[in-house]
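Notes follow the structure.
Bear in mind these aren't lab numbers, they're just calculated from the coordinates by the rules spelled out. Small disclaimer: the values here were computed from a predicted structure and weren't measured. Here the Cβ is made from the backbone with ideal geometry for all residues, glycine too, and neighbour counts use every protein chain on show.
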């Protein structure tokens, strides 16, 4: 069984595209081979800056012959149907067989497909793969029509078995597949033949090319950490940068250089950002002081001077970059210490969204909401307002303009430099969190207040202008914002009525003033824009709330379902709790859901659910048939069976425990009391006929079932639980 080796050799492939391209090559080629009847034992793909490589082991030498039968139309079918069948089968009428079936004589096509040699199939599959390769960006060169990420120079494609090596015959846009490749651009120019994957990998290594990107990354990290350790320092871990740098070199050579003393007092994050973004350098930290003092660069070749010239050039370029960063830092500090209001004023002219106003307007909305939230999270309202007002001031700074990823972090430095307390400065960095399901959640009350205000303002704003997520599209990261609200509330054990909070923010004075501007923008444009607070809905409790607030709460509930599902709580259990009163208090909702989940995981809970559904079904059918509602209370004097009397007593005992437990939000106790009804309900249904001929007894028993439904439904809407 032969092995296949493919190499597509080109100019430098962008590092960010290499891993995806290697997987695409593997998937498309192997899928094509299997579809053509060539199975294989294993496949592996590799990439370097100049090549994509695929090695396939244990492949069949050729596709097996196949015999296929296709049932066609009836013999007396319309001519068009018969001709269509013939075209699909590639046959003529004379080639068809007629067979008798229960539905009459039918045409059958018997198609014999002879086996084909592997080389012929590989050539077709590889050509199709190359011509249709899914590069994010590609180019044409010369006069040909072929597109590739960079000009493609050569194709290596060989089959190796016990008899030797065979080149797969393939000609494509002036390129002819062969058995030759080349090594490092500078250290081993010239082409050489290979006979197998093992031979290929070994010769590349001798030609100063590490084929496996994982090997290159491991080599870089090991050398970098050893260099730093020898100097009493440590490399700042950066997996993303490591993967990128491993895609920039074929023969990694790590070098450690010094940072000029003039820049050592810059914040370490500034040094890291500048070196990472502009130079692809690793930062090297002094563990004693926490300062970034050196850098690691990765060259693509050995040099006679052990990299001295490369390091000197890198240090000159780095000094120029860091001089810019130092200028930004010094200038920003000067403004922060004198008047941060300059930055806030500048944000009045920065558009957040054309329908939601400027960043300045957004800050005022967040500030107002943070002041409202502060007492609910244990923070001082005045401090929360000040923290919210300053939290985004750094968006006007030169440093954040140059390095947007430092927003918030630089704000923390600048707010402290302006003389504000550390807890207010920390809000600038922490209020953006959490950014994802695994990101840390702020715990300081001020940060929690502003983080909630920031995310709720984002959600309410985009909800009112109807910019909601659709399918997989979420350009404003609203799902992330909603999940952030969920995690902040649950992590901090906050008791918040989200519906009223969102409604008041929607129709508050800050939004109303913005609405007048938006209304003018939409005048005469056929817009369906609705003023905040004009689309009201009356809830069962009599409250009138903006429909956007109700819709937004449902969206947050959807994010809560995803969050709890990852913790093992089923969606139907969450739905059963969302259906209850007070579902805008997420903390309360989750406590109820977890207690219900625990109860239904027990045998008593599972059987109680079946008993409840049986009672509810019988009761619902009777109410529909009789046209009345059985909810007037059952009388024990009409109970004839001991199990019926026992159920009366059990329901009274359960209600006596459930009501105070619910009032105290002690859901485990309430759920346990409900689960204790399992045995008396089971005994009741086993011994008692509900729909008896005695109408008085029947009505009494239906009212008893109504008590079961009422008591169980006070804990959760069990009709929504599956099973």
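Sticking with the crude label model, points 7 Å out along Cα→Cβ, report the distance from residue 607 to residue 112 in nm, one decimal please.
Spacing of the two 7 Å Cα→Cβ label points: 6.9 nm.
Would you mind classifying the stretch 67-113 by shape? Square roots of the alpha carbon gyration tensor eigenvalues, ordered a ≥ b ≥ c; an a/c under 1.5 is rounded, otherwise it is prolate if a/b is larger than b/c and oblate if not.
Details: a/c = 2.19, a/b = 1.23, b/c = 1.77.
It is oblate, given that a/c is not under 1.5 and a/b is not larger than b/c.
So, in nm, how far is label residue 467 from label residue 638 when the simple model puts each one 7 Å beyond its Cα toward the Cβ?
It is 6.2 nm.
Which residues does the label zone of residue 628 cover in the stretch 701-721, counting backbone N under 15 Å from a point 7 Å along Cα→Cβ?
It comes to 701-706, nothing else.
Would you mind classifying the stretch 416-479 by shape? Square roots of the alpha carbon gyration tensor eigenvalues, ordered a ≥ b ≥ c; an a/c under 1.5 is rounded, otherwise it is prolate if a/b is larger than b/c and oblate if not. Write down the numbers at each step before the final one.
Details: a/c = 3.06, a/b = 2.09, b/c = 1.46.
Here the stretch 416-479 falls in the prolate category.
How would you order 94-104, 634-644, 77-87 from highest to lowest mean count of nearby Cβ atoms within 10 Å?
On the way: 94-104: 10.3, 634-644: 15.3, 77-87: 13.1.
Descending mean neighbour count gives 634-644, 77-87, 94-104.
Points 7 angstrom from Cα along the Cβ direction at residue 239 and residue 491: gap in nanometres?
Computed distance between label sites residue 239 and residue 491 equals 1.9 nm.
Subtracting the Cα-Cα distance from 0.36 nm times the residue separation, let me have the gained length for residue 230 to residue 124 in nm, one decimal.
Numbers: separation 106, 0.36 × 106 = 38.16 nm, distance 5.40 nm.
So the extension gain works out to 32.8 nm.
For residue 27 and residue 138, FRET efficiency with R0 = 22 Å and r from the beta-carbon atoms, rounded to 0.05? Don't skip to the answer; put the middle values down first.
Values: r = 18 Å, r/R0 = 0.81.
Here the calculated transfer efficiency is 0.75.
Report the gain in length on full extension from residue 652 to residue 440: 0.36 nm times residue separation, minus Cα-Cα distance, nm rounded to one decimal. Before the final figure, lay out each step's value.
On the way: separation 212, 0.36 × 212 = 76.32 nm, distance 4.64 nm.
Between residue 652 and residue 440, full extension yields 71.7 nm more.
With a ≥ b ≥ c taken as the square roots of the eigenvalues of the C-alpha gyration tensor of the chain, please select rounded if a/c is under 1.5 and otherwise prolate if a/b is larger than b/c or oblate if it is not?
Working: a/c = 2.27, a/b = 1.22, b/c = 1.86.
Because a/c hits 1.5 or more and a/b fails to exceed b/c, the chain counts as oblate.
Computed FRET efficiency, Cβ-Cβ of residue 720 and residue 694, R0 45 Å: what is it to the nearest 0.05?
Details: r = 34 Å, r/R0 = 0.76.
Computed FRET efficiency for residue 720 and residue 694: 0.85.
If packing is taken as the average number of other Cβ atoms within 10 Å across a peptide's residues, how do 31-41, 569-579 rank, most packed first?
Numbers: 31-41: 15.6, 569-579: 20.5.
Highest to lowest by the protection proxy: 569-579, 31-41.
Only residues of the stretch 111-154 count here: report those whose backbone N is under 19 Å from the spot 7 Å along Cα→Cβ of residue 35, or say none.
Under 19 Å, as judged by backbone N against the label point of residue 35, lie 113-135 of the stretch 111-154.
Say a paramagnetic label sat at a point 7 Å from the Cα of residue 315, along Cα to Cβ; which residues of the stretch 277-295 have their backbone N under 14 Å from it?
The answer is 293-295, whose backbone nitrogens lie closer than 14 Å to the label point.
So between residue 621 and residue 554, what do we pick up on full extension, going 0.36 nm a residue minus the alpha carbon distance? Write down the numbers at each step before the final one.
On the way: separation 67, 0.36 × 67 = 24.12 nm, distance 3.09 nm.
Contour length minus Cα-Cα distance gives 21.0 nm.
If R0 is 25 Å, what FRET efficiency do you get for residue 645 and residue 598 from their C-beta distance, rounded to 0.05? Walk me through the numbers before you get to the answer.
Working: r = 31 Å, r/R0 = 1.22.
That pair, residue 645 with residue 598, gives E of 0.25.
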